[in-house]
Amino acid sequence: MTNLQKRILTSIIVMPLSIFFILKGGYILLFFLFGIFFLANYELFSVFNNKRIIIFFDLALILSLYSIYFLADKESESLYLLLWIIILVVCSDIGGYVFGKTFKWKKLTKISPKKTLSGVFGSFILSIFSVFIASVILPKINYYFTHIESLNINFLEPKFFFLSIILSIVAQSGDLTISYFKRLEKIKDTGKILPGHGGIFDRIDALMFVVILTLILYQLKIIP
């Protein structure tokens with residue numbers, strides 16, 4: 001099995017599982033988030049030696065997990081925003097990987113040698129596509145989970161297409177930030193728990209920063 005096949009298979013398993021815990025909410029979601037926290041910290045203290053890097057990673061992790069728990073409110077539209085950004089980050093990741101492998105353009109940066117300009121455009125394209133996915137899939141959530149607030153967000157509004165680009169930039173920047181710190185410590189992956197991705201931080205590096213920004217935008221009433 002190729003690395004791409006492993007990456008896609010892992011995403012197919014992990015994304016629906018994560019969404020399931022988010023939709024269940026309450027103590028079930030809290031247990032899931034604590035599980036991620038402890039696994040991520042095990043990786044963190046196993047592979048990193050620089051205390052400043054460990055503190056930075058832990059602060060970003062705690063803020064992102066808090067943001068997920070706050071946004072996963074079954075009586076608020078924030079739940080649908082959270083589900084959308086999970087879809088967006090996965091689309092951005094797959095778009096960057098597939099386009100980067102298919103169209104081998106100029107390298108983006110020395111921080112992450114495998115990142116290319118074609119991968120950046122691929123991330124943008126699939127991030128925009130996430131808006132259409134959300135508009136089709138998310139309205140059906142309330143049909144299967146009747147305890148969840150009905151969707152009143154129109155994801156096909158122009159602002160969500162603009163936001164998809166902004167959030168994709170943040171996702172890619174988060175990915176590069178984690179890559180930079182891994183490069184300082186001369187490691188490739190933070191772990192091996194997720195085939196095709198590596199460790200927990202290798203999977204949620206982009207999501208961490210996107211979900212924190214989403215919470216800020218939601219609190220400022222910029223979205224939805």
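The values are calculated or read from the model by the stated rules, or taken from the named source; none is laboratory data. Fair warning: this is a prediction, and the values are worked out from it, not measured in the lab. Every residue, glycine as well, gets a Cβ built from its backbone with ideal geometry; the counts of neighbours run over all protein chains shown.
Of the conditions (1) modelled with pLDDT of 85 or more; (2) farther than 25 Å from ARG203 by Cβ, LEU167 satisfies every one except a single condition; which number is it?
For LEU167, the failing item is (2).
Using beta carbons and a limit of 6 Å, which pairs, at least six apart or on different chains, have the first residue in the stretch 45-64 and farther than 15 Å from ARG183 by Cα and the second one aliphatic (A, V, I, L, M) and in a helix (DSSP H, G or I)?
Sorted first by the residue in the stretch 45-64, then by its partner, the pairs are ALA60/MET208; LEU61/ALA40; LEU63/ILE212; SER64/MET208; SER64/VAL211; SER64/ILE212.
Is it the case that some residue within the stretch 13-36 is on the phi > 0 side of the Ramachandran plot, modelled with pLDDT under 85 and within 19 Å of the chain's Cα centre (by Cα)?
Checked against the condition, which is being on the phi > 0 side of the Ramachandran plot, modelled with pLDDT under 85 and within 19 Å of the chain's Cα centre (by Cα), the stretch 13-36 yields at least one hit.
Among the numbered criteria (1) within 21 Å of GLN219 (Cβ to Cβ); (2) more than 17 Å from the chain's Cα centre (by Cα); (3) in contact (Cβ under 8 Å) with a residue 40 or more places away in the chain, which one does TYR80 miss?
Going through (1) within 21 Å of GLN219 (Cβ to Cβ); (2) more than 17 Å from the chain's Cα centre (by Cα); (3) in contact (Cβ under 8 Å) with a residue 40 or more places away in the chain one by one, TYR80 breaks only (2).
Rundown of residues vs (1) at pLDDT 85 or above; (2) among the aromatic types (Phe, Trp, Tyr); (3) surrounded by 15 or more Cβ atoms within 10 Å (Cβ to Cβ); (4) in contact with a strand residue (DSSP E or B) (Cβ under 9 Å, 6 or more places away or on another chain), yes/no style:
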position	(1), (2), (3), (4)
GLU185	no, no, no, no
LYS188	no, no, no, yes
GLY191	no, no, yes, yes
THR214	yes, no, yes, no
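Consider the stretch 40-96. How many of its residues are modelled with pLDDT of 85 or more and either assigned to a loop (DSSP other than H, G, I, E, B) or touching a strand residue (DSSP E or B) at 6+ places or on another chain (Cβ under 8 Å) (or both)?
Adding up the residues that qualify gives 1.
Among the residues of the stretch 21-41, is any crowded, with 20+ Cβ neighbours inside 10 Å and more than 27 Å from SER150 (Cβ to Cβ)?
There is at least one residue in the stretch 21-41 that is crowded, with 20+ Cβ neighbours inside 10 Å and more than 27 Å from SER150 (Cβ to Cβ).
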